[in-house]
Amino acid sequence: MADGETTTSLWEEIVDALNAVNGSHAGHRAVHAKGMVCEGTFAASPEAARLSRAAHLQGDEVRAIVRFSNASGNPRTSDANPIAGRGIGVKLHLPDGEAVDMGAVPLPVFMVSTPEDFLEFTRARIPDPDTGEADPQKLIEFVTAHPETATALQLGLPKLAPTTSFATSAYNGLHAFGLVSADGETTWGRYSWVPVAGERYLSDEERGAADRDYLRQELGERLASGTAEFDLVFTLAAEGDTLTDPTRPWEGEREQVVLGRLAVTGVVDEADAAGGGPLVFDPNNLTDGIVASDDPILAARSPAYSVSIDRRMASGG
């Protein structure tokens with residue numbers, strides 16, 4: 001490398017590629033750019049305290065900040081986009097002043113298993129400047145070389161369909177985490193936020209008539225007169241289940257434990273919820289009683305988020 005040259009990190013390349021897919025929108029996240037922030041509470045179940053010594057899983061109600069989002073990196077995309085999908089970020093505030101973050105999407109599994117593959121997959125989706133559309137041949141070549149991506153897309157695309165509400169969508173954490181009990185025993189599993197109201201999707205007619213921002217409007221109206229509730233369901237890993245590959249579904253029957261219930265109670269301003277800094281939902285932001293797996297995609301989230309956050313704050317976001 002010549003004097004004065006700088007190298008671009010993998011994480012910067014990933015964010016650059018995401019911006020190339022969605023367009024660069026100053027002050028916004030590289031993905032999940034369009035969202036709304038809410039407040040609420042989380043109360044753990046007795047079973048949660050048995051499985052983990054984490055402070056927020058002992059049964060006392062804790063404060064929650066929740067961000068619902070359209071998964072696109074374009075803040076002006078329509079909520080009725082049939083492939084954009086949704087997301088939920090949850091920040092649970094602990095008694096000691098720290099917080100635990102969780103992030104989840106409707107996909108049952110992730111599309112790729114390594115950050116390098118994610119970069120390649122994202123670059124294959126960059127629109128041609130002349131047509132405004134991605135080159136289908138590049139996508140075909142990638143999927144052909146990565147059969148796990150074909151499986152993930154087959155399983156995931158139906159779950160990206162527009163739902164009637166943010167409160168009628170399920171959200172999956174994708175990665176494996178370990179719950180560590182008071183006596184040091186670790187129980188591995190994957191978590192999901194399951195809507196108490198049930199999963200409900202728009203009909204084709206409803207989707208055609210839907211406003212661009214209908215999800216935000218609907219949730220605001222829902223919270224004006226009630227709550228949106230989700231059960232935190234932990235699916236326990238069985239022998240032979242991978243803890244490090246988020247592309248592989250855990251097939252067959254699995255024991256599930258309800259760790260608690262999230263009650264979303266109202267809409268808040270993001271700046272107020274952030275308390276003067278950027279509002280971040282990094283699933284690696286954990287606490288004693290929860291451990292992350294060695295999933296390389298999970299590990300990649302923190303440095304990629306940091307790049308996106310730095311750019312967002314530099315542009316006044």
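The values are calculated or read from the model by the stated rules, or taken from the named source; none is laboratory data. These numbers were taken from a predicted model, which means no experiment stands behind them. Quick reminder, even Gly has a Cβ in these numbers, built from the backbone with ideal geometry, and neighbours come from all protein chains shown. These accessible areas exclude ligands, DNA and RNA; they are computed on the full protein's heavy atoms, side chains included. Shrake-Rupley method; radii C 1.70, N 1.55, O 1.52, S 1.80 Å.
Whole-Hz Karplus values for the stretch 233-245 come out as 9, 10, 8, 6, 5, 9, 4, x, 6, 6, 9, 10, 10 Hz, taken residue by residue from phi with 6.51 cos²θ - 1.76 cosθ + 1.60 and θ = phi - 60°; glycine and proline positions read x. Scanning the chain for GluC sites (Glu not before Pro) lying in DSSP loops with no more than 16 further Cβ atoms inside 10 Å, the longest uninterrupted stretch between such sites is 256-317. Straight Cα distances below 15 angstrom link Lys138 to the aspartates and glutamates Asp117, Glu120, Asp128, with same-chain residues fewer than 8 positions distant left out.
Couplings 3J(HN,Hα) for the stretch 59-68, derived from phi with the Karplus relation 6.51 cos²θ - 1.76 cosθ + 1.60 (θ = phi - 60°), are x, 6, 5, 10, 6, 10, 10, 10, 10, 8 Hz, where x marks Gly and Pro.
The phi torsions of the stretch 196-211, fed into the Karplus equation with coefficients 6.51, -1.76 and 1.60 and a -60° offset, translate into couplings of 5, 6, x, 7, 9, 10, 5, 6, 4, 5, 5, 5, x, 9, 6, 5 Hz, rounded to whole numbers, with Gly and Pro shown as x. For the stretch 1-132, the equivalent ellipsoid built from the Cα gyration tensor has semi-axes of 35, 20, 15 Å, listed from largest to smallest.
Partners of Lys91 within straight-line reach, counting lysines whose Cα lies under 27 Å from its Cα and excluding those fewer than 8 residues away in the same chain: Lys34, Lys159.
Rolling a 1.4 Å probe over the protein heavy atoms gives the chain an accessible area of 47 Å² per residue.
P(r) tail, the stretch 69-168: Cα-Cα pairs separated by more than 24 Å, 34% of all pairs.
Within the listed set Gly189, Gly260, Gly27, the Gaussian network model of the chain (springs between alpha-carbon atoms below 10 Å) gives the highest mean-square fluctuation for Gly27.
Can you give me the C-alpha center-to-center distance between the stretch 193-231 and the stretch 2-76, rounded to a whole angstrom? Centre-to-centre (Cα) distance: 21 Å.
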